[in-house]
Amino acid sequence: MSSNPASENPNSIFCAADIVLDSAYQGIDAKGWQALFAQARKANLQQFIADLFAGKHLNTSEDRPALHSALRNLDQKPVLVDGKDVMPAVANVWQRIEALCNKWEGVTDVIHIGIGGSDFGPRLAIEALAHVPGIETRGMRMHFLANIDTAELGRILQRALPHSTRIIIVSKSFTTVETTKNAKAVVRWLKDSGLTSSQINNALFAVTAAVPAAKAFGVKEENIYPFWDWVGGRYSVWSAVGLPIALQYGFESFKAFLAGAQAIDQHYQSAPLEENLPVIMALALLYQQEQHDIKSFAVIPYADALDGFPKWLQQLDMESNGKRVDRNGMPVKFSCPVVFGSSGSNAQHSFFQLLHQGTEVIPIDFIAIREPMSHLPEAKEHHRILLSNCLAQAQALANGKKTANPNNTYPGKRPSNLLILPKLNAFYLGALLALYENRATTLGALWNINSFDQPGVELGKVLAKPIEAALKDSVSVAADANIDAITARRINLFNS
């Protein structure tokens with residue numbers, strides 16, 4: 001990166017779905033970009049993109065497609081999974097969501113129970129869209145219950161009104177321990193609050209790929225909204241998992257959310273690699289890995305409404321691409337860096353010291369919104385200050401500052417992107433999420449990693465079962481095949 005990084009690549013501004021990407025501060029010159037695009041072609045990236053949208057079984061370990069894009073295929077062009085068009089089933093769910101929105105009356109509270117991909121997406125959308133000036137809303141209290149820690153459950157049950165509460169249980173398998181335990185606790189609360197069995201049945205809804213399991217739990221069939229095994233949890237907000245978006249902000253807002261994502265999908269499929277936003281963002285991060293061996297990546301949305309975005313991205317990136325072996329079982333040189341971040345300008349008063357003067361080079365995506373997020377008299381002035389901080393931080397990180405005092409010297413050459421959204425609404429929120437989804441799958445293709453499975457999360461779940469049994473019995477335990485000596489000692493600390 002030179003003293004004037006932007007001069008190295010004047011063609012650094014790109015656009016898709018009215019979202020602008022400026023990659024000038026990546027410090028990649030024209031020759032470097034040419035090499036990166038050649039690398040992408042060598043990895044058959046364009047064929048990978050075509051196969052992804054065509055329903056090929058790119059999730060090789062589970063022998064499934066990864067077709068979350070079909071969930072936002074509003075044109076309903078046929079999408080085949082093993083020769084069968086899935087769009088009629090997807091469209092049927094849209095119709096059922098719209099019908100539910102039209103008859104969803106008298107509800108004061110919604111408790112959405114799910115964890116991981118069943119939680120992050122809808123939680124982010126509900127919180128982000130709540131900041132949109134003038135957005136139409138039903139004004140319900142949307143509660144998101146994910147943690148098995150009863151502190152979260154307790155806070156929700158203190159506020160919710162049981163006779164006008166609806167419960168949405170979201171679990172692909174309907175066996176997730178945190179979700180099923182929390183759901184049973186909420187059902188017990190409804191019973192203790194005097195609701196009849198019939199009233200409880202009417203209050204329960206489910207979103208799952210395991211319809212029989214939901215029915216066995218007690219959810220009426222007409223209250224079960226399916227999604228499919230070709231939808232990964234972290235890619236599922238576009239399905240009925242996003243039901244809270246439609247219920248709170250209306251079905252048209254949910255459609256706009258899908259339309260924004262579809263617009264990015266269409267760009268991703270059709271744009272040349274040299275103009276393709278997800279591809280450019282992926283290649284920029286790959287370049288920083290190869291040049292600086294970067295281990296972490298920060299995303300800083302200069303919008304309080306998007307404060308939850310880094311948490312959503314953490315799951316998307318690190319669960320998708322946090323792998324040590326490639327599709328062939330061979331060790332990889334690079335995979336997903338650690339993802340972190342929070343909203344600017346709060347982040348400047350937290351960890352920006354490390355970004356500017358730490359020993360590690362950490363690439364950053366700055367996200368800015370052109371329009372203020374309120375109609376307050378101070379909105380324009382405050383927004384101008386917010387944007388000036390965003391632009392100034394990127395400039396300072398890139399160019400640095402040399403002084404005679406090492407403590408006041410900024411090394412610079414810290415790469416960043418700038419993404420600019422025209423405004424924040426359902427459409428552009430959907431576009432932003434789809435942009436990063438497609439960036440994640442692009443990185444997976446470049447690293448030859450399967451971005452659609454997550455075997456690493458399973459071992460701890462298996463080991464938790466005998467440990468939970470030992471804690472339940474409250475007796476002294478010894479190490480065995482399932483519990484090692486250190487864990488046995490720790491169990492005994494809790495049981496003593």
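Since every read-out is calculated from the coordinates, none of them should be taken as a lab result. Bear in mind that the values here come from a model prediction, so they are computed numbers and not experimental data. Counting neighbours? That spans all protein chains shown, and the Cβs are built from the backbone with ideal geometry, glycine included.
For an R0 of 41 angstrom, estimate the FRET efficiency from the Cβ-Cβ distance between SER164 and VAL457 and round to the nearest 0.05.
On the way: r = 36 Å, r/R0 = 0.88.
With a Förster radius of 41 Å, E is 0.70.
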Of ALA464, ALA478, ASN492, farthest towards positive along the dipole that unit charges on Lys, Arg, Asp, Glu beta carbons give the range 456-495: ASN492
Positive minus negative residues near VAL211 (Lys, Arg vs Asp, Glu; Cβ under 15 Å): +1
Simple label model, 7 Å out from Cα along Cβ direction - ALA35 to ARG489, nm: 5.0 nm
Estimated [θ] at 222 nm from DSSP helical runs (n ≥ 4, -39500 (n - 2.57)) normalised by residues in the chain, nearest 500: -13500 deg cm²/dmol
Candidate lysines for bridging to LYS84, where Cα separation is under 27 Å - those fewer than 8 sequence places away on the same chain excluded: LYS56, LYS172, LYS215, LYS255
Virtual spin-label span in nm between THR137 and GLN395, 7 Å along Cα→Cβ: 3.6 nm
Cross-link partners of LYS323 among lysines (Cα-Cα below 21 Å; sequence separation of 8 or more within a chain): LYS295, LYS311, LYS333, LYS461
log10 of Debye I(q)/I(0), alpha-carbon scatterers only, for the chain at 0.06, 0.07 Å⁻¹: -0.30, -0.41
Per residue Cα convex hull volume in Å³ - calculated over the range 144-222: 82 Å³
Alpha-carbon centroid distance for the pair the range 416-492 / the range 284-325, whole angstrom: 15 Å
Counted charge near ASN399, where neighbours are those whose Cβ lies closer than 12 Å (Asp, Glu -1; Lys, Arg +1): +4
ARG64 long-range amide H proximity, modeled H, under 5 Å: ASN59
Rounded tilt (10° steps) of 379-399 against the dominant C-alpha axis of the chain: 60 degrees
Global size of the range 77-256 as Cα Rg and Dmax, reported in angstrom: 15.7, 50
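For a Förster distance of 25 Å, can you work out the FRET efficiency between the beta-carbons of ASN482 and ASN147, rounded to the nearest 0.05? Spell out each step's value before the answer.
Values: r = 25 Å, r/R0 = 1.00.
Efficiency, from the Cβ-Cβ distance: 0.50.
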Helix 485-495 axis, angle to the chain major axis (alpha carbon atoms, nearest 10°): 50 degrees
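First measure r as the distance between the Cβ atoms of LYS402 and ALA259, then evaluate 1/(1 + (r/R0)^6) with R0 = 56 Å and state the FRET efficiency to the nearest 0.05. Display every interim value, and only then the final one.
Values: r = 48 Å, r/R0 = 0.86.
The computed FRET efficiency comes out at 0.70.
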Where labels lie 7 Å past Cα in the beta-carbon direction, separation of ASN346 and GLU290 in nm: 3.7 nm
In the range 136-175, trypsin sites (Lys or Arg not before Pro) in a DSSP loop with at most 15 other beta-carbon atoms within 10 Å: ARG138
Student exercise, the range 77-256 dipole from Lys, Arg, Asp, Glu Cβ charges, in Debye to nearest 20: 240 debye
Crossing angle, helix 458-473 versus the chain [Cα axis fit, 0-90 degrees, rounded to tens]: 40 degrees
Cα gyration tensor shape for the range 456-495, rounded if a/c is under 1.5, else prolate or oblate: prolate
